[in-house]
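S.K.: Take this structure first; my questions come after.
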Amino acid sequence: MTARLVVSLAGVDAPSLSRCAALADELDRRAVPLTLLIAPRHAGTPAEWVQWVRDRHRNGDDVLMHGFDHTPDPRSLTLSLGRRAEFATLPAHEAGLRLTAAMSAMERAALPVDGFAPPRWMASAGTVIALQRKGFRLCADLMSIRDLHTGIRVRARVHALAGSERTESWRGFALVRTAIRTARRGGTVRLAVDAVDLTRSTHRVALLDAVDAALDNAATPLTYRSTTIARAA
């Protein structure tokens, strides 16, 4: 099987725009497209960074709806764990209500999309049902990428840098090793970064090292949407 590489970037906003653009430029030099994860609540007003997202989308990057406002369900254990896993436990009806509001916000921002990545990559069964009812094509969760129209499911875990500064070097090394191992066995290398992490040069370097490692091991760079299309071919 041909290995695939998918890189996603979340948390784009006005303060982080220069860092996000610098990362995008580095990936452009490697001919690696980005999948941009956009929270609709923060895209609802005209801003330079929203125009940047539109331009990137127009030129080949993908855009996925990234939750709505990242407010977790107060009944969920994820709240007590300090996680903003907005769609992790929602039943279909409540997920549908949030999706309706999110879709309206994305349309106002001139970013209508039919792909979804839940905050913390955690989507309840009810969320998946609501996405299908709303006509969404794609759902990317922690362990897989699902085409909601065809039923094709690409099984691959998201890998991201996180943790304390004390473990940064080890985590960066582990990310690169994971990219190499996954690419060599013909799997899908899913690398995720948040704009806030780009403030640390070690995170940025580790991400690019992992991208280079995947490319060196013959991974084909794709967006989330083209990953499921390629699997269907």
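Let's see how each residue does on (1) hydroxyl-bearing (Ser, Thr, Tyr); (2) in contact with a Phe, Trp or Tyr (Cβ under 9 Å, 6 or more places away or on another chain):
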| site | (1), (2) |
| --- | --- |
| Ile180 | no, no |
| Ala183 | no, no |
| Thr188 | yes, no |
| Ala192 | no, yes |
| Ala195 | no, no |
| Thr202 | yes, no |
| Ala218 | no, no |
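S.K.: Further question: I'm checking my understanding of the structure. Among residues of the stretch 216-233 that are within 19 Å of the chain's Cα centre (by Cα), hydrophobic (A, V, I, L, M, F, W, C) and modelled with pLDDT of 95 or more, which one is surrounded by the fewest Cβ atoms within 10 Å (Cβ to Cβ)?
M.R.: Among residues in the stretch 216-233 that are within 19 Å of the chain's Cα centre (by Cα), hydrophobic (A, V, I, L, M, F, W, C) and modelled with pLDDT of 95 or more, the one surrounded by the fewest Cβ atoms within 10 Å (Cβ to Cβ) is Leu222.
S.K.: Separate question: Can you go through Ala47, Ala22 and tell me which one is modelled with pLDDT under 95, open to solvent by 10 Å² or more (accessible area, probe 1.4 Å), over 15 Å from the mean Cα position of the chain (by Cα) and small (Gly, Ala, Ser)?
M.R.: Only one candidate qualifies: Ala47.
S.K.: Can you find, within the stretch 132-177, the residue that is nearest to Met122 (Cα to Cα) among those that are at pLDDT below 95 and of a type in the set (Gly, Ala, Ser)?
M.R.: The selected residue is Ala160.
S.K.: Let me ask you something else. When you check Met65 against the structure, is it at pLDDT 95 or above and open to solvent by less than 10 Å² (accessible area, probe 1.4 Å), yes or no?
M.R.: Taking the combined requirement at face value, the residue satisfies it.
The values are calculated or read from the model by the stated rules, or taken from the named source; none is laboratory data. All values derive from a computational prediction rather than experimental measurement. Note: ideal-geometry Cβ built from the backbone for every residue, glycine included; neighbour counts use all protein chains shown. Protein only, heavy atoms only, side chains kept; ligands, DNA and RNA dropped before computing areas. Shrake-Rupley method; radii C 1.70, N 1.55, O 1.52, S 1.80 Å.
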